[in-house]
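Encoded as structure tokens, the structure appears first; notes follow it.
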Protein chains: 2
Amino acid sequence: MAEYKAPVRDMQFVLYEMLDFESHYAALPGGEDFSRDVVEAIMEENAKFCENVLAPLNAIGDEEGCQWNEGVVTTPTGFKEAYTQYVDAGWPSMCHSPEYGGQGLPESLGTVLSEMAGSANWSWCMYPGLTHGAMKTLELHGTEDQKQVYLTKLVEGSWTGTMCLTEPHCGTDLGMLRTRAEPNEDGSYKISGTKIFISAGEHDLTENIVHIVLARLPDAPEGTKGISLFIVPKFLPNAEGSIGERNAVNCGSIEHKMGIHGNATAVLNFDSAKGFLIGPPNKGLNCMFTFMNNARLGTACQGLAHAEVGYQLSSRYAKERLQMRSLSGPKNPEGPADPIIVHPDVRRMLLTQRAFAEGGRMLIYYAAQQVDIQHYAEKGSEADTNADELLALLTPIAKAFLTETGFESSNLGMQCFGGHGYIREWGAEQNVRDCRISMLYEGTTGIQALDLLGRKVLLTQGETLKRFTKVIHKFCEAHKDQEEYKEFIDVLANYNKEWGELTMHIGLTAMENPEEVGAAAVDYLMYSGYVTLAYLWARAAIVAMQASGDESFYQAKIHTARFYFQRLLPRTATHVATIKSGANNLMAMDDSLF
Amino acid sequence: MAEYKAPVRDMQFVLYEMLDFESHYAALPGGEDFSRDVVEAIMEENAKFCENVLAPLNAIGDEEGCQWNEGVVTTPTGFKEAYTQYVDAGWPSMCHSPEYGGQGLPESLGTVLSEMAGSANWSWCMYPGLTHGAMKTLELHGTEDQKQVYLTKLVEGSWTGTMCLTEPHCGTDLGMLRTRAEPNEDGSYKISGTKIFISAGEHDLTENIVHIVLARLPDAPEGTKGISLFIVPKFLPNAEGSIGERNAVNCGSIEHKMGIHGNATAVLNFDSAKGFLIGPPNKGLNCMFTFMNNARLGTACQGLAHAEVGYQLSSRYAKERLQMRSLSGPKNPEGPADPIIVHPDVRRMLLTQRAFAEGGRMLIYYAAQQVDIQHYAEKGSEADTNADELLALLTPIAKAFLTETGFESSNLGMQCFGGHGYIREWGAEQNVRDCRISMLYEGTTGIQALDLLGRKVLLTQGETLKRFTKVIHKFCEAHKDQEEYKEFIDVLANYNKEWGELTMHIGLTAMENPEEVGAAAVDYLMYSGYVTLAYLWARAAIVAMQASGDESFYQAKIHTARFYFQRLLPRTATHVATIKSGANNLMAMDDSLF
């Protein structure tokens, strides 16, 4: 029932018409290898794989789930075959360095491709997705030897990777972690401890799994400053790269979850497993941040993916399902009733999903563009610093705002189905269940909000924010005189100003009472998300107004922008009011009264 | 893991301290039989049953679900035994007329009891819950003979009932229904057709099931004016009331759903099943409205139930789970970290749930009080009209607003658990899945919103609304001069005024364009819900301020009221802004562009 159609036209719009990826790619080293023609051909090919291979496995994955039997995990029917096809077609190596077998395409293209795969089948997508984090960690912090042994295998896709952070008593608060690493005489380590919530932690897709594990050295300082990173492969590789001895890491069980049933969420027991230090001792958490930002953008993409899927499912249904008559007279007089798309409230639900899906796409691709710049720019150059700071600001916004609005969207998609939405066969309820995790893992919405307001905004005295509001200001200045843009530009300019004032307000109250930061954080993040998307929607509207040809596409874009500005952006008013209400209404009640 | 504790203290507060049920019950016929002592003893007894028998079956029901085998449905382990206990203790007959074996207690008390049962185990609760609708229909529209045969069995609990409305091609739009009723010579009818989404439609709890079925007589007019109601028992009763011949109604399958797995959602095939007309021919939909209002208040209660459960689960967890330090310095310096309840954002999530759960309770009990008045007042008297109109207004608000906020609350409850919330064992994710149906069945949020704004408010030229805003106005006038109430009363008075103005605004725009009604409806409903709860929270706060003793209870009440006014009520600003943005931003985009 729940078929997925990759929104290639809209992706092209964002990449090439809105964000000028043509110049962006041309300016990157080797840019001639990924001209627009090449990129679009890759996108079309990937779309086919996602639509025809991954999407049909999505409901199967949910229904069957993964099976655990004495430490062995079997993935749902078809997952392994799809993975083999994926590897054979060379998809895993697409955006990695040719030094380790990669094809050297820019990371932003990987983001575009993973949007499609994730929309088609998020559970499946997490197997290669988590690997991406492990590869990133190896690329940045591994020794040349580690890269040759592990990275090459991960790049070719014949092994997958995981990130092992969480323990039963600590998730957010990694300073409390207890997994120990005792040195062996040969320079390796004995890793002992239990890790939970390890996505793709055990499965039957590949012959080996490379775990990146956070653990403590014997003499490590307490807290976050005493955490080191280790490579712990499921099978220890032989010198020539083949699979050797089984390592003492075992999957104790897999979790029974609300959704993403097709992905195995493993409890991993390390019982003096052999591990290899990666990066400097006690600096594991710093090394981890590279990966975490990466994973957070990936999770942001999940919000967009579920919003897109919800929209596709519900807009199709809304055109077919006949129920009641339009309040302004029959629109389908020959039929027994009108299609429900005639009803304003159904359109409200559809447009909300669409505005968040398309707006989310703009934000993710915009962030991905900064990732490219950061990757290729000279360290410490203005371009590098700029991209770095923009990303620092946009990552928590994208992660939390797009998953919150993605969850809202997936629920609205389900709501369009009426009672049928609650039934498995339509796919809308799976879309809600699968989406729900996105607000929890890789740092909850509350944690993202503290990262944004505390670390990124207040700790830099607003400098990081100013870098972005200047971008918006410049854009407004450039377009403010054109009458037909005013409905967007005037509104945006006001919000851009208010954003700074609101930040100042919080900064001042926080000097009196540090709890004000926590009390304001989530509302501040949501506010920031709405304004960020307003900037992008204004850009999109202006591009569409200036464009010619493909009229229905551009018309829809302008209508959706208008809807966003008139019906979603006003939500900011509530966030401003609650922020200004202060921390006291949260903190005054004694713990014992809860 | 997920234990439930009936909030008896808070229930007592709402009933006796806030809404003066002591006088209310005393004024009802036979009121001496349900004095406060008696009612509280019944509540305590019911609480024990819900906590000890129903709550432990909640996770089992979710895990096992119902099993269908060749038309026979088996409920989860323990459901039947619990039902037998429930019947043996006399719970089903509590609030029904002694003429048919009932104990004659007021319906509002039934609401209070069903809140507990529903919170403990919503899926189980739906078996007797749906019966309630069938009983109501029989009480009001059945012949004496029908009452003696069917109602007595339903009241004693030895049979259960269902309501069979929906068909595959129509849910909201019942005018399209196709099930036919052909007259037999003996005055009965042959019913043929397929009904879907029949909650509690088939099960093993009782020896018989009484279906109330909507169908068309052969000569019936098209549309909603040609629908009649029929009693179609699973087994035809013999003259002496025993079970006779099996009727031709069969359960073709049960649905695979997102949640409420313990309740069988049946597809029922009527194949010339024997049925008996109830109420006048072609007036079935009118008769149905009695039941529907009843069911809508029951579903409103579901929103409250899941908010309460989410709050109980998450507030317990938040006091135990240690993670990170408070921004204002350690609160648990001896421990490895602070309990997460110290974090402002966790408190925001807890207080939101609490404000909606406790506020929802006030609204439901307030509505239930009107149900009692309506039940006992002389038809056409001022008391009757007043209760009738208040209920007409409050029912769609309670149904949609409390389920929307109940779903938000259940999600916030889950969010407090971080990643653990996504795992089945904690119960928080089941609470979300079970809650999700409440915004869909018994009329979606969109349908409630049209009922409120179109039928209840605009069609009465605002008279029905004015009846309620006058109540609020009188309350504000009576308390406006006391300095310590101002934080509530001044704000409430402004909203009460704005509510009328907003209604006027919509009324005027709707005269130009009928689509404005549909475009404004859901925002208008949510706005109305926030103001209605503000009125009730203001009442609660003032009662708490005036009370003595039990200080921590009253302090918590005042803090929660303040939180509601400062952090939830400002959401109205967004609803006002989006309503005022008009219908054009929804209607201008051509259907083909979606």
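Assuming R0 = 56 Å, what is the FRET efficiency of residue B:455 and residue A:97, from their Cβ-Cβ distance, to the nearest 0.05?
Values: r = 65 Å, r/R0 = 1.17.
For R0 = 56 Å, the calculated efficiency reads 0.30.
Please list A:381-394, B:448-461, B:195-208 highest first by mean number of surrounding beta-carbon atoms within 10 Å per residue.
Final packing ranking: B:195-208, B:448-461, A:381-394.
Quickly work out the residue A:20-to-residue B:513 label distance, labels modelled 7 Å from Cα along the C-beta direction, and quote it in nm with one decimal.
Simple spin-label model gives 3.7 nm for this pair.
Can you list, shortest first and in nm, the gaps between the label point of residue B:477 and those of its counterparts in the other copies, using a point 7 Å from Cα in the C-beta direction?
Those separations, rounded to one decimal, come out as 5.8 nm.
Report the calculated FRET efficiency for residue B:283 and residue B:256 (r = Cβ-Cβ distance, R0 = 25 Å), to the nearest 0.05.
On the way: r = 36 Å, r/R0 = 1.44.
It comes out at approximately 0.10.
Provide the convex hull volume over Cα atoms per residue for segment A:444-587, in Å³.
108 Å³
Give B:190/B:234; B:48/B:319; B:153/B:274; A:456/A:486; B:153/B:225; A:486/A:557 a once-over and call out the pairs whose C-alpha atoms are over 23 Å from each other.
Result: B:48/B:319; A:456/A:486; B:153/B:225 exceed 23 Å.
Given the alpha-carbon gyration tensor of chain B, what are the semi-axes of its equivalent ellipsoid in whole angstrom, ordered largest first, with each equal to the square root of 5 times an eigenvalue?
After diagonalising the Cα gyration tensor, the semi-axes are 38, 29, 25 Å.
Could you grab the relative contact order for segment B:444-587? Cα pairs under 8 Å, six or more apart, rounded to a whole percent.
28 percent
Report, as an integer, the average count of C-beta atoms from other chains found within 10 Å of each Cβ along B:550-560.
Mean shielding count: 3.
So if we plug the beta-carbon distance of residue B:207 and residue B:498 into 1/(1 + (r/R0)^6) with R0 = 51 Å, what FRET efficiency do we get, rounded to 0.05?
Values: r = 55 Å, r/R0 = 1.09.
Computed FRET efficiency for residue B:207 and residue B:498: 0.40.
Once both labels are modelled 7 Å past Cα along the beta-carbon direction, what's the residue A:84-residue B:245 spacing in nm?
That separation, rounded to one decimal, is 6.0 nm.
How far is residue A:183 from the same spot in each other copy, in nm, shortest first, if each label point sits 7 Å from Cα toward Cβ?
Distances between equivalent label points, in nm: 9.9.
Hey, can you rank A:91-97, A:61-67 by average C-beta count inside 10 Å, highest first?
A:91-97, A:61-67
Quick one: check the C-alpha center-to-center distance for segment A:254-268 versus segment B:311-331, whole angstrom.
The two parts, judged by their Cα centres, are 26 Å apart.
If you bin every alpha carbon distance in segment A:284-357 into 10 Å steps from zero, what whole percent lands in each bin?
Taking all Cα pairs of segment A:284-357, the binned fractions are 19, 31, 20, 13, 9, 6, 2 percent.
Which value results when the Cα radius of gyration for segment B:381-460 is divided by 2.2 N^0.38 Å?
Taking N as the residue count of segment B:381-460, the ratio is 1.45.
Calculate the mean, over all residues of peptide A:578-585, of how many other protein chain Cβ atoms lie within 10 angstrom of the residue's Cβ. Could you put the intermediate results ahead of the total?
Details: counts 7, 2, 2, 7, 2, 5, 4, 12.
Across A:578-585, the average partner-chain Cβ count within 10 Å equals 5.
Rounded to the nearest percent, how much of the accessible area of the protein assembly as shown (1.4 Å probe, protein heavy atoms only) is carbon and sulfur?
C and S fraction of accessible area: 52 percent.
Just tell me how shielded B:562-568 is by partners: mean number of partner chain Cβ atoms within 10 Å of each residue's Cβ, no decimals.
Averaged over the peptide's residues, the number is 5.
Return a whole-number percent for the relative contact order of chain A, with Cα pairs under 8 Å and 6 or more residues apart as the contact set. Don't jump to the answer; show the numbers that get you there.
On the way: 1025 pairs, mean separation 72.0, N = 594.
Relative contact order for chain A comes out at 12 percent.
Can you list, shortest first and in nm, the gaps between the label point of residue B:204 and those of its counterparts in the other copies, using a point 7 Å from Cα in the C-beta direction?
Once sorted, the set of distances for residue B:204 reads 3.3 nm.
Quick one, could you list the DSSP H helices from chain B stretching 30 Å or more along their long axis (Cα atoms) with average Kyte-Doolittle hydropathy of 0.0 or above?
Length and hydropathy pass: B:382-415, B:515-546.
Over its Cα atoms, what ratio of radius of gyration to 2.2 N^0.38 Å does the protein assembly as shown give? Provide the component values of the computation, followed by the final result.
Numbers: Rg = 30.4 Å, N = 1188, 2.2 N^0.38 = 32.4 Å.
Rg over 2.2 N^0.38 Å, computed on Cα atoms: 0.94.
Taking only DSSP H segments of four or more residues, each worth -39500 (n - 2.57), what value at 222 nm results for chain B once the sum is divided by all its residues, to the nearest 500 deg cm²/dmol?
One gets -17000 deg cm²/dmol as the mean residue ellipticity at 222 nm.
Please list, by residue number, every one of the trypsin sites (Lys or Arg not before Pro) in segment B:286-383 that is coil in DSSP and has at most 13 other beta-carbon atoms within 10 Å.
Filter output for segment B:286-383: B:379.
The values are calculated or read from the model by the stated rules, or taken from the named source; none is laboratory data. Bear in mind the structure is a predicted one, so any value in this text is a computation, not a measurement. Note that we place each Cβ from the backbone using ideal geometry, even for glycine, and neighbour counts take in every protein chain shown. SASA here: full protein model, heavy atoms, side chains in, ligands and nucleic acids out. Shrake-Rupley method; radii C 1.70, N 1.55, O 1.52, S 1.80 Å.
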